[in-house]
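> Below: one structure in structure tokens.
The values are calculated or read from the model by the stated rules, or taken from the named source; none is laboratory data. Note that this is a predicted model, so its numbers are computed, not measured. Note: ideal-geometry Cβ built from the backbone for every residue, glycine included; neighbour counts use all protein chains shown.
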Amino acid sequence: MSEIKLTTEFINKLSESEKIVFFTGAGISAESGIPTFRGKDGIWNKLKPEELANFNAFLRNPQMVWEWYNHRKKIIHESKPNAGHIAIAEFEKYFDDVTVVTQNIDNLHRRAGSNKIYELHGNIERNYCINCRTFYNEELNFSEGVPKCKCGGLIRPDVVWFGEFLPADQLEASEKAAINSDIFFVVGTSAVVYPAAGLVYTAKRAGSYIVEVNIEETEVSSIADISFFGEAGKVLPAILENVKKLKGNI
Ligand code: BJW
Ligand code: ZN
């Protein structure tokens, strides 16, 4: 897709901007083999989110919820960053300030080499006790059922479920980055889950230039200044190629 067509307005934005935010969702990791939640290949076409991604479901059936996370963890461990993650990391060569705000728990932005990453929905590599909040980030032992803390409490993954607050420091830093951004890329997210999706409107209100990259239209397409409907692993490297032409190959 290196023949991607950029508008003059977007080219001008790219050449005069310094602060770039990439707000990403499950779609950026789809080409790494990690299923999305919604959409045609979404895992939640079969499994209802409310039956899995909430605390009451975990209390009712911790075994089932852990099976789901262990299954996803295995897929994540077998996957690697794709051309989309790698292009985002490479943007740091051409812009002073590049921030990744991700809803994903899969660590692929870090593994691709991005340096400033805010994780809004936690991280699958961390776990904590629901009683005393002691962290257990090592490999957990499931041989005697759902792992328990030394205090007897159940251990859960450190991810954000429905009805739970997002980590305040990550959300506040993301809001600041959105407000200060010159260009705000919205990549591979259906933008239906709040408060994360609200960042797109925050950035828009603050005057940032909204660039959407998705395989289909979403809730925020109507407020995007420009939309690229294609796979993130093709569109982002193509945009980066244009940046290289503008700023010179480094
Ligand atoms: C490609 C592609 C390719 C495919 N290239 N693109 C305001 C209004 C209504 C409701 C609420 C509201 N505020 C809060 C709520 C409630 C709720 C919510 O938003 N509900 C809505 C669904 C209606 N929000 C919450 O509960 C949040 N907490 C909260 O609000 O706390 C305050 C509070 C406290 C106490 C009481 C009440 C309120 C927490 C939300 C937590 C979300 N957690 C999950 C699970 C995380 C852990 C895990 O991974 O297991 O986060 S749910 C799931 O959705 C996950 C994702 O991060 C999140 C977003 O999904 P995402 O990333 O957008 O993925 P998809 O699958 O939806 O979309 C993929 C996209 O990629 C698609 O568009 C494809 O087209 C595209 N794509 N391939 C480019 N190759
Ligand atoms: Zn404990």
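> Listed residues I28, I88; which is assigned to a helix (DSSP H, G or I) and touching a Phe, Trp or Tyr at 6+ places or on another chain (Cβ under 6 Å)?
It is I88.
> Is it fair to say P237 is at pLDDT 95 or above, within 29 Å of N54 (Cβ to Cβ) and of a type outside the set (S, T, Y)?
no
> Which members of the range 118-141 meet the condition of being aliphatic (A, V, I, L, M) and surrounded by 18 or more Cβ atoms within 10 Å (Cβ to Cβ)?
L120, I124
> Something else: Checking G230 against (1) under 25 Å from Q170 (Cβ atoms); (2) surrounded by 14 or more Cβ atoms within 10 Å (Cβ to Cβ); (3) of a type in the set (G, A, S), which test does it fail?
The single condition G230 does not satisfy is (1).
> Then there is this: So which strands (runs of 3 or more DSSP E) stay within the range 121-233 end to end and still have 2 or more residues that are aliphatic (A, V, I, L, M) and within 15 Å of ligand 1 (Cβ to nearest atom)?
183-187, 209-214
Let's see how each residue does on (1) under 21 Å from H85 (Cα atoms); (2) among the hydroxyl-bearing types (S, T, Y); (3) in contact (Cβ under 8 Å) with a residue 40 or more places away in the chain:
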| site | (1), (2), (3) |
| --- | --- |
| C149 | no, no, no |
| F162 | no, no, yes |
| E172 | no, no, no |
| F185 | yes, no, yes |
| G207 | no, no, no |
| E212 | yes, no, no |
| F229 | yes, no, no |
| A238 | yes, no, yes |
| N242 | yes, no, yes |
